[in-house]
1. With a point put 7 Å past each Cα toward its Cβ, work out how far residue 119 is from residue 55 in nm, to one decimal.
2. Express in nm, to one decimal, how much length is gained between residue 89 and residue 108 on full extension, taking 0.36 nm for each residue of separation and deducting their alpha carbon distance.
3. How high is the relative contact order of the chain, in percent, counting Cα pairs under 8 Å that sit 6 or more residues apart?
4. Distance from a point 7 Å along Cα→Cβ of residue 79 to each backbone N in the range 37-71: keep the residues under 17 Å and list them by number.
5. Rg and Dmax in Å for the range 2-63, alpha carbons only: what are they?
6. If the chain were replaced by its equivalent ellipsoid, with semi-axes equal to the square roots of 5 times the Cα gyration tensor eigenvalues, what would those be, largest first, whole Å?
7. To the nearest Å, what is the center-to-center distance of the range 76-122 and the range 1-63, using C-alpha atoms only?
8. With n ≥ 4 as the cut-off for DSSP H runs, can you work out [θ] at 222 nm for the chain, using -39500 (n - 2.57) per run divided by the number of residues, rounded to the nearest 500?
């Protein structure tokens, strides 16, 4: 009996080791995917930052606006949601047909399919 029990315990340990290896491989894959996504996001961020700087320099040159005016407008927009936290939250929009609410970044109602005017910056 003890030989059979020992065999089953050995099999269980072997299965546990296999599960642990599978989890380790999954974790490594997830880590690799996350690192790739981070590199992509960094690249997109730096490109967006460059575009913003280019646009601001054009606006300054053509409209003679100042950095102070830009900072004031940024603070004003930041406070529109009631919180000075360096970002802007957009409240959900309501569908004109079914009156249900959903995020402003959608171009049609998620519930009835009605086309809506999405927010360009949501």
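1. Roughly 1.6 nm, to one decimal.
2. Roughly 4.9 nm would be gained on extension.
3. In percent, rounded to a whole number, it is 9.
4. Only 68-71 pass the distance filter.
5. In Å, with Rg to one decimal and Dmax whole: 26.6, 88.
6. Each semi-axis is √(5λ); the values are 53, 25, 14 Å.
7. 31 Å
8. The helix contribution divided over the chain gives -22500 deg cm²/dmol.
Where a number appears in this text, it was derived from the coordinates with a stated rule and is not lab data. Note that the coordinates shown come from a computational prediction; the quantities given were computed from them, not determined experimentally. Backbone-built Cβ (ideal geometry, glycine too); neighbour counts: all protein chains shown.
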